[in-house]
1. Any chance you could give the angle, 0 to 90 degrees and rounded to 10, that helix 348-358 forms with the longest Cα principal axis of the chain?
2. Which FRET efficiency value, to the nearest 0.05, is calculated for Val312 and Ala215 with the Förster distance at 22 angstrom and r the Cβ-Cβ distance?
3. How about region 10-110: which trypsin sites (Lys or Arg not before Pro) there are in a DSSP loop, with at most 13 other Cβ atoms within 10 Å of their Cβ?
4. Going by Cα centres, region 1-48 and region 293-345 are how many Å apart?
5. Based on DSSP loop calls and a cut-off of at most 10 other Cβ atoms within 10 Å, the longest stretch of the chain free of exposed GluC sites (Glu not before Pro) is what?
6. Considering the Cα trace of region 5-66, what is its radius of gyration and what is Dmax, both in angstroms?
7. Along its principal axes, what span do the Cα atoms of region 60-210 show, with the longest given first and each in whole Å?
8. By how many degrees, between 0 and 90 and to the nearest 10, does the Cα long axis of helix 214-231 differ from the longest principal axis of the chain?
Amino acid sequence: MAMRGKIAVVLGTRPEIIKMSPVIRALEARHLDHFVLHTGQHYSYNMDRVFFESLRLRSPEHNLGVGSGSHAEETAKMLVGIEKILMQEKPEAILVEGDTNTVLAGALAASKLHIKVGHVEAGLRSFDMEMPEEVNRIVADHVSDLLFAPTKVSEKNLLSEGIDPQKIHVTGNTIVDAVRQNLDLAMKAELPPGLATERYVLATLHRQENVDDPARLRGLMEALARVHEAFGMPVLYPIHPRARKRLSEFGVRAGKGVVLAEPVDYLTFLRLQKEATLVLTDSGGVQEEACILGVPCVTLRENTERPETVEVGANLLAGTDPASILSAVKEMLNRGKKWENPFGDGMAAERIVDILERV
Ligand code: UD1
Ligand code: UDP
């Protein structure tokens with residue numbers, strides 16, 4: 001029996017726009033009745049609008065404009081705003097993607113209205129409850145009716161928490177779809193002048209637990225400078241606004257050889273990743289993309305909810321200590337670059353929409 005009602009796609013941050021883009025495209029291509037609700041969690045041009053432009057997505061039908069705040073402030077404003085739109089639009093199902101406050105609010109608001117919740121990228125676990133994202137993932141998964149697990153690893157996490165196997169579908173990760181749909185175009189993207197260089201390390205850092213702690217942020221910035229010193233390559237760091245704000249609050253400067261830049265659009269970032277010698281990151285999506293693109297990655301965290309990247313040999317967890325980061329970089333530079341992409345065949349969005357049409 002096909003789904004007859006409307007589908008609401010709820011998103012709010014940079015990675016959600018990127019990872020939902022293949023799903024929105026599939027809904028459009030099949031002429032399924034749907035609308036996009038943007039919470040406005042991200043709102044700066046280079047964290048939001050630029051992705052609608054580079055991914056050629058139409059503007060969302062609704063934007064709540066909630067902006068930044070504490071976890072409670074953001075989530076509370078979103079809950080109120082999302083509930084209103086859902087009561088007005090009466091969708092049969094909503095789709096959320098990932099682990100942000102937008103996902104938590106979307107899943108919670110819909111489940112209380114008895115609207116079916118589909119969670120894209122369900123079942124990821126870092127087993128670290130200090131991460132706000134881990135709380136969001138667990139709550140969202142447990143109120144969802146359809147859990148789109150990207151891999152067998154994520155399916156297993158869900159089963160071990162007692163989630164009904166009939167609700168779980170292993171689909172692959174829509175990030176593979178996004179990479180495949182955009183890579184050719186990305187390789188023609190013009191690089192900003194400061195970032196056009198031959199051999200380089202590409203860095204991103206924005207996790208709350210890394211950048212909101214002055215000692216840790218100082219250590220990480222020192223590590224980036226030491227990577228430059230030891231391996232003779234510039235470290236290009238398109239900096240997330242959260243991290244930019246903390247550097248200035250804590251009076252931490254970028255060391256020699258570390259090139260800070262504004263965040264870049266998706267096509268430019270894909271090209272920068274593809275051509276990087278190595279990626280240093282605490283981002284979830286960047287760990288996956290580096291693995292898909294065949295670029296070695298060192299993750300500046302103690303744990304990861306993307307263990308598949310480590311298992312296939314594409315990624316090493318280095319923590320945040322400069323000495324262990326340096327030795328992980330050395331090891332990854334010496335490792336071969338041949339590994340399997342564990343995140344699927346680039347048809348995840350089609351599979352998700354197939355399932356939506358069936359239920
Ligand atoms: C959020 C997600 C995180 C995700 C990240 C993707 C939560 C709990 N966190 O973190 O999981 O990895 O998005 O990038 O949902 N800011 C701007 N402009 C913007 C957005 C943010 O200047 O468009 C600045 C503001 O100072 C804000 C800070 O960044 O206070 C943090 O923004 P917020 O959305 O709360 O969390 P992120 O760190 O972006
Ligand atoms: N990204 C981008 N421009 C940048 C940095 C990252 O387009 O300057 C993309 C990147 O390709 C990936 C996504 O943003 O798809 C990752 O988002 P982020 O690191 O903010 O969040 P996370 O994945 O950790 O939730």
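1. On a 0 to 90 degree scale, this one is about 10.
2. Efficiency, from the Cβ-Cβ distance: 0.10.
3. Arg30, Arg56, Arg58
4. Answer, in whole Å: 30.
5. Between exposed loop sites, the widest span is 199-359.
6. So, for region 5-66, Rg and Dmax equal 11.0, 34 Å respectively.
7. 53, 36, 32
8. The angle comes out near 60 degrees.
Computed from the coordinates by the stated procedures, all read-outs in this text should not be read as laboratory data. On a predicted model such as this, the values are computed, not experimentally measured, just so you know. Ideal geometry is used to build each Cβ from the backbone, glycine not excepted, and the neighbour counts take in all protein chains shown.
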